[in-house]
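The values are calculated or read from the model by the stated rules, or taken from the named source; none is laboratory data. Just so it is clear, the structure is predicted and the values come from calculations on it, not from any experiment. Glycine also receives a Cβ, built like all others from the backbone with ideal geometry; neighbour counts cover every protein chain displayed.
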Amino acid sequence: MSHSDATRAVEAVWRIESARLIGALSRMVGDVGLAEEFAQDALVSALEKWPEEGVPAKPGAWLTTVAKRRILDRWRRDERFQDRMVELGREIDERDGQAEFDAVLEEDYGDDLLRLMFVCCHPVLTTQARVALTLRMLGGLTTDEIARAFLVPEATVAQRIVRAKRTLAKRNVPFEVPVGEDRDARVESVLEVVYLVFNEGYVATSGTDWTRPRLSEEAMRLGRVLCDLLPKDHEVHGLLALMELNASRFPARVGPDGAPVSLDKQNRGRWDRLLITRGLAALARSVPDDPGLPRGPYSLQAGIAAQHAVAPTAADTDWSAIAVLYEDLVRTTRNPVAELNRAVAVSMALGPEPALGIVDRLREVRAMADYPMLSAVRGDLLARLGRADEARAEFERAARLTRNESERALLLGRAGAV
């Protein structure tokens, strides 16, 4: 096997196995940062040996075995590490250390990914750190890949990950699935991180590209893993439904010249019907069995996306139903962006005049002051009301506020066309 073939094989295996490996090792050593260190040692060993020896029949097991040996070596020579193992209840017999480690790593192996998700998305970390650590530990992305995806320096991402590991170790964050009242908040934190990753792929916040589908694909993969691990959690299915229904539009969201295509002008024949089918199935699982229980925000947003997905043409969209769903979403979240989206639905169902009243009230919300879509929506409503000069000014203001170059070009085009 050539060195390049072996390298590609190692990278592919790492993508598939790294999260499971780091999860198992984290449970063993009680420290995510230390677990990744041992996993990386195993990866380096694979890069050294596989070009000569070939890819093993069970590459994941090979990496696990090498990592366990590294842990045993550290245990034998490092007294502080021995103390840490004893603290965690890992009293390892020197004579049969490998068997002891095997027994520990094999127990409860199926929950390791879930535990790792909860640790990577722990509220003690900043949002940026949670996103970077999740993509690193659960997605198997390199710091360079994460940096390129978010258009930030690699050193910045590396620093975020290092600080996150230190914070988790300093705060003694346990490697466990939370229970009781803490569980819902922690699940919400995990879902927030996954959706942030998806949205950065769906509408890039900066740079020249309108979309970065690979980030959205990674988020959907994590969403499917979560659905397998938490099959009874309605909002987990709601998030997956929302992501799959929105992702179904990817093939039609960008024109041949790379310019964004608005929803009403997209060729719906290019939408991914398989993702729509999967998204609708996940949506059905997101609705509580008890009709008296409220739907969660992800389930409501997925319901909105479903209205678009099932409409054969833009003209067939049930905007009244969408406006009602947004009303429920605003009531649930008190989110001004949801209220802005409700205004759009109201404008399509009832006309621009009542919608403009909603938007004008949002201009008084401090959090919306520099939100480019507020000006963009207001510009569209003013244009439909024949107030051309005001509409042009709003589109130009939205263009100044956005950091995405494709979106800026689209908004300036709207301004010029009024």
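Summary of computed values
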quantity	calculated
Only listed residue being farther than 17 Å from residue 223 by Cβ and touching a strand residue (DSSP E or B) at 6+ places or on another chain (Cβ under 7 Å), chosen from 270, 253, 331	253
Restricting the stretch 209-241 to residues that are among the acidic types (Asp, Glu) and within 11 Å of the chain's Cα centre (by Cα), the residue that is nearest to residue 306 (Cα to Cα)	217
Index of the failed condition, residue 131 passing every other in (1) of a type in the set (Val, Ile, Thr); (2) free of Cβ contacts under 8 Å to residues at least 60 places away in the same chain; (3) within 30 Å of residue 410 (Cβ to Cβ)	(2)
Some residue of the stretch 319-334 being of a type in the set (Lys, Arg), within 28 Å of residue 286 (Cβ to Cβ) and at pLDDT 95 or above	yes
The stretch 350-370: number of residues that are farther than 18 Å from residue 397 by Cβ and over 32 Å from the mean Cα position of the chain (by Cα)	6
Residue within the stretch 395-413 that is more than 24 Å from residue 212 (Cβ to Cβ), at pLDDT 95 or above, over 31 Å from the mean Cα position of the chain (by Cα) and buried (at least 22 other Cβ atoms within 10 Å of the Cβ) present	no
Those residues of the stretch 1-32 which are assigned to a helix (DSSP H, G or I) and over 17 Å from residue 141 (Cβ atoms), in sequence order	3, 4, 5, 6, 9, 24, 25, 26, 27, 28, 29
Boolean, residue 253 is basic (Lys, Arg), in contact with a Pro (Cβ under 7 Å, 6 or more places away or on another chain) and modelled with pLDDT of 95 or more	no
Enumeration of residues in the stretch 134-178 that are hydrophobic (A, V, I, L, M, F, W, C), assigned to a helix (DSSP H, G or I), buried (at least 17 other Cβ atoms within 10 Å of the Cβ) and touching a residue at least 60 places away in the same chain (Cβ under 8 Å)	135, 137, 149, 168
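Conditions tested, residue by residue: (1) surrounded by fewer than 21 Cβ atoms within 10 Å (Cβ to Cβ); (2) in contact with a Gly (Cβ under 9 Å, 6 or more places away or on another chain); (3) closer than 30 Å to residue 221 by Cβ; (4) of a type outside the set (Phe, Trp, Tyr).
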site: 291; (1), (2), (3), (4): yes, no, no, yes
site: 294; (1), (2), (3), (4): yes, no, yes, yes
site: 306; (1), (2), (3), (4): no, yes, yes, yes
site: 339; (1), (2), (3), (4): yes, no, no, yes
